[in-house]
Amino acid sequence: MPEEALIVVDMQRDFMPGGALPVPEGDRIIPIVNGCIRKFRERGALIVATRDWHPENHVSFKERGGPWPAHCVRNTPGAEFVVELPADAVIISKATEPDKEAYSGFEGTELEKILKENGIKRVYVCGVATEYCVRATALDAVRLGFETFLLRDAVRGITPEGERRALKEMESAGIKIVRCDSV
């Protein structure tokens, strides 16, 4: 049984250009992430996809005093995945309660339990946005004892400076920065 998982973070329509909360050029990594999914699938890795799956009245929305416009509302087109996930991919829905924010795929979910039940020791993280949900998910993974890799060519951030800070923080925490085509 493979001991590795690919965690695809929040590759959803609302985070792409034209969406409610777009990551600049987020769509440019779609083919790279799809390639990573195929590569890890062929190796027998567990494929996990996190998604924001907000109720209409989520605390993070500006209408409720949060910092963000309404985005990734469950069962709307904006919450749909934009990458090609296999039918057996594990879908992790986060930030599903109206009064709780969650950036990490581990926060308020069964992700840690699922990884451990599947014998996962190494995780590879890709997706959007580098400074927010990618960062939080990768930092939680390493904190929980998983050997953690960030797929640098398969992430996109909001700003270059924010992305640089996040990469430095992740590297300092013990996360290895690699490229999908080199693993």
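Among the cysteines of the chain, 72, 126, 133 have no other cysteine beta carbon within less than 4.7 Å of their own. Dipole check for the chain: with +1 at the C-beta of Lys and Arg, -1 at the C-beta of Asp and Glu, and the Cα centre as origin, the magnitude is about 380 Debye.
Provide the net charge surrounding residue 164, with neighbours chosen by a C-beta distance below 11 Å and charges set as Lys +1, Arg +1, Asp -1, Glu -1. Before the final figure, lay out the partial values.
On the way: positive: 165, 168; negative: 131, 161, 163, 169, 171.
Value of the local net charge: -3.
Every helix of 4 or more DSSP H residues in the chain counts as -39500 (n - 2.57), and over all residues that averages to -7000 deg cm²/dmol at 222 nm.
Compute the FRET efficiency between residue 39 and residue 88 as 1/(1 + (r/R0)^6), taking r as their Cβ-Cβ distance and R0 = 22 Å, and round to the nearest 0.05. Provide the component values of the computation, followed by the final result.
On the way: r = 16 Å, r/R0 = 0.74.
Computed FRET efficiency for residue 39 and residue 88: 0.85.
Within the chain, no whole DSSP H helix has Cα atoms reaching 27 Å or more along its own axis together with a mean Kyte-Doolittle score of at least 0.5.
Which pairs in the list 113/176; 62/176; 121/168 are over 28 Å apart, alpha-carbon to alpha-carbon?
Values: 113/176 23 Å; 62/176 35 Å; 121/168 23 Å.
Check vs 28 Å cut-off fails for 62/176.
Normalised Debye scattering of the chain at q = 0.17, 0.18 Å⁻¹ gives log10 I(q)/I(0) of -1.05, -1.19, counting only Cα atoms as equal scatterers and leaving out solvent. Cross-link reach is defined here as a Cα-Cα straight distance under 18 Å, omitting same-chain residues fewer than 8 places apart; for residue 100 the aspartates and glutamates meeting it are 10, 52, 56, 63, 110, 140. Neighbours of residue 134 by Cβ distance under 10 Å: Lys/Arg scored +1, Asp/Glu scored -1, total -1. With Cβ to Cβ distances under 14 Å as the rule, what net charge do the other residues near residue 67 carry (K, R +1; D, E -1)? Every neighbour counted, the sum reads -2.
GluC sites (Glu not before Pro), restricted to the stretch 65-117: which are DSSP loop and have at most 15 other Cβ atoms within 10 Å?
Numbers: sites: 80, 84, 101, 107, 110, 112, 117; in loops: 80, 84, 101, 107, 110.
In loop regions of the stretch 65-117 (DSSP not H, G, I, E or B), the sparsely surrounded GluC sites (Glu not before Pro) are 80, 84, 110.
Read-outs: derived from the displayed coordinates by stated rules, not from any lab. Given the structure is predicted, the values throughout are model-derived calculations rather than measurements. Cβ sites come from the backbone with ideal geometry, for glycine too, and all protein chains shown count toward neighbours.
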